[in-house]
Amino acid sequence: MKYKCLLLDHDDTVVASTEAIHYPSLIAYFEDYKPHFLGKYSFEEFILKNFDPGVLEFFHGELGMSDEEMALEDKYWKDFVATRIPTAYEGIAGIISEFRTRGGIIGVASHSYEEYIRRDYEHNSLPLPDCIYGWDLPREHRKPSPFTVLDICRRYSIEPSEVLVVDDLKPGYDMARAAGADFAAAGWAYNVPRIEEFMRKNCDYYLTSVAELSDLLFG
């Protein structure tokens, strides 16, 4: 195989979660704590904020949330997510299994917590990743930092050119570019023209379906 490591984002790449869980969680948080924001952000607008500048910058910057408010929102989100498990995209389990069978390394680089990533993999009967880099990391090591790619290369004695990052959002793209890894845009979760336009123009691959990822890796 061209790639020795498949580095997967989690939300909206492996599991369908933002529209079903994360966006409703934000709206519920607004209802309880920030009612003046209700009606201001559609699902597409929320996705665009996650795309660029990223969720942390969106909360701290545009929403003007303090560290204390961020801690409350994080607890609120955790309580919300703890009772809701997203569904994996059809075909993703087969890709993970086949890639590992062929000797590949499966990594996860996500802005979700490791405990929820593991739970989602187990619930959806996905083979557990070899390594997970989630929101538990120090802020300076999370996407878009190249830390995850470089650390995987160090751990498994591979080169960044042997890593394929698969992600639906720009922080994953920025991470891959900063580390020197190839990037495939996961375009199967939602239809947001501005995101698709950027990804098609800048990424190594733009994939509209999970099947296209399989073709890229094994075709």
* To do: Among the trypsin sites (Lys or Arg not before Pro) in region 1-80, which ones are in a DSSP loop with at most 13 other Cβ atoms within 10 Å of the Cβ? Mind listing them?
  => K2, K40
* **Alpha-carbon centroid distance for the pair region 90-124 / region 193-213, whole angstrom** => 20
* Structure fact -> Summing -39500 (n - 2.57) over every DSSP H run of at least 4 residues in the chain and dividing by its residue count gives a helix-only mean residue ellipticity at 222 nm, to the nearest 500 deg cm²/dmol, of -13000 deg cm²/dmol
* Structure fact -> So D151 and L72, fully extended at 0.36 nm per residue minus their Cα-Cα distance, gain in nm 25.4 nm
* Full extension from D136 to E197: what is 0.36 nm times the residue separation minus their Cα-Cα distance, to one decimal in nm? -> 18.8 nm
* Structure fact -> In the neighbourhood of L63 defined by beta carbon distances under 11 Å, the net charge of the other residues (Lys, Arg +1; Asp, Glu -1) is -1
* Asked: For the chain: lysine pairs with Cα atoms under 25 Å, gap of 8 or more or different chains, count?
  -> 23
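For the chain, give the magnitude of the charge dipole about the Cα centre (Cβ charges: +1 Lys/Arg, -1 Asp/Glu; no others), in debye to the nearest 20.
Working: 22 positive and 38 negative charges, 104 e Å.
Using only the charged Cβ atoms, the result is roughly 500 debye.
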* Structure fact -> Placing each pseudo-label 7 Å from Cα in the direction of the beta carbon, E115 and F218 end up separated by a distance in nanometres of 3.4
* Which of D215, D174 comes first, and how do the rest follow, when ranked by fewest Cβ neighbours within 10 Å? -> D215, D174
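Readers should treat all values here as calculations from the given coordinates under stated rules, not as data from a laboratory. Only a predicted model underlies this, so the values are computations on that prediction, with no experimental measurement involved. For neighbour counting, all protein chains shown are included, and Cβ atoms are generated from backbone atoms with ideal geometry for every residue, glycine included.
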